[in-house]
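Structure first, commentary second.
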Amino acid sequence: MHLYAGTASLHKGAYAPIWYGIGAMQKPPETDTTDLREPRACNCLAIRQAARQITQLYEGHLAAVGLTASQYSILAKLSRLGPLSINALAAEMVMDRTTTGRAIQPLVRDKLVALAAGSDARMKLVRLTPAGAKRFKAALPHWRAAQHEFERAYGTKEAATLRAALGRASAIS
């Protein structure tokens, strides 16, 4: 879904202004990155705008199973890695602990994840419940449909390049 185009589908060209140099086929415009009046000069803004658009796409698909993109990602991490402390889950999600704690509250409420005591009184482990594993399994086809829609619009090879670039960007400290 692309809000700027006013349509319900992604448009490869619509992402080109945001993702120059990350798999895009067009040459970027000459931009003085010190000119704060030029929105394209801000990497943070460009990444956040794209993230919001892509999140809307995925959440449109995941709504059928009652999950947000963040909730799906948490269930996926726990499904793949097993029980994690809140701090470890936060690190895996590249989120701060407070945000992660808030993000798991609806999952706990809906009994998709459970909290258990960790190795000491201060540590809590987050684990996937059987209901959470079932919901995750039900969400997989919807996630795959979103993935396919994005890659069809953006390009499969370009999407792989984008994921690699974003992986490098998220490792910047």
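Nothing in this text is a laboratory measurement; each read-out follows from the coordinates by a stated rule. Note that the structure is predicted; figures quoted are calculated from it, not measured. Please note: Cβ atoms are built from the backbone with ideal geometry, for glycine as well, and neighbour counts cover all protein chains shown.
Could you please find all residues in the range 43-58 being under 17 Å from Glu151 (Cβ atoms) and not polar (S, T, N, Q)? Talk me through it step by step, then tell me what you get.
Keep residues of the range 43-58 that are under 17 Å from Glu151 (Cβ atoms), which gives 50-51, 53-58.
Hits for the range 43-58 are Ala50, Ala51, Ile54, Leu57, Tyr58.
Looking only at the range 65-123, residues that are part of a loop (DSSP other than H, G, I, E, B), under 16 Å from the mean Cα position of the chain (by Cα) and basic (Lys, Arg) come to 0 in all. Within the range 137-161, residues that are among the acidic types (Asp, Glu) sit with their Cβ atoms under 6 Å from residues that are surrounded by 15 or more Cβ atoms within 10 Å (Cβ to Cβ), at 6+ positions apart or across chains, in these pairs: Glu151/Ala159; Glu158/Gly23. On the given criteria, is Leu67 hydrophobic (A, V, I, L, M, F, W, C), in contact with a Phe, Trp or Tyr (Cβ under 8 Å, 6 or more places away or on another chain) and in contact (Cβ under 8 Å) with a residue 40 or more places away in the chain? Judged against the criteria, Leu67 is not a match. Scanning the range 74-107 for residues that are closer than 15 Å to Thr129 by Cβ and of a type in the set (Gly, Ala, Ser) yields Ala76, Ser79, Gly82.
Residue-wise test of (1) surrounded by fewer than 18 Cβ atoms within 10 Å (Cβ to Cβ); (2) in contact with a Pro (Cβ under 7 Å, 6 or more places away or on another chain); (3) among the aliphatic types (A, V, I, L, M).
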{"residue": "Thr55", "(1), (2), (3)": "yes, no, no"}
{"residue": "Tyr58", "(1), (2), (3)": "no, no, no"}
{"residue": "Leu67", "(1), (2), (3)": "no, no, yes"}
{"residue": "Leu75", "(1), (2), (3)": "no, no, yes"}
{"residue": "Leu81", "(1), (2), (3)": "yes, no, yes"}
{"residue": "Ser85", "(1), (2), (3)": "yes, no, no"}
{"residue": "Ala103", "(1), (2), (3)": "no, no, yes"}
{"residue": "Pro106", "(1), (2), (3)": "yes, no, no"}
{"residue": "Arg109", "(1), (2), (3)": "yes, no, no"}
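Would you tally the residues in the range 125-158 being farther than 17 Å from Ser79 by Cα and either over 22 Å from the mean Cα position of the chain (by Cα) or among the acidic types (Asp, Glu) (or both)?
First pass over the range 125-158, keeping only residues farther than 17 Å from Ser79 by Cα: 145-158.
Filter once more, keeping what is either over 22 Å from the mean Cα position of the chain (by Cα) or among the acidic types (Asp, Glu) (or both): 149, 151, 158.
Residues meeting the conditions: 3.
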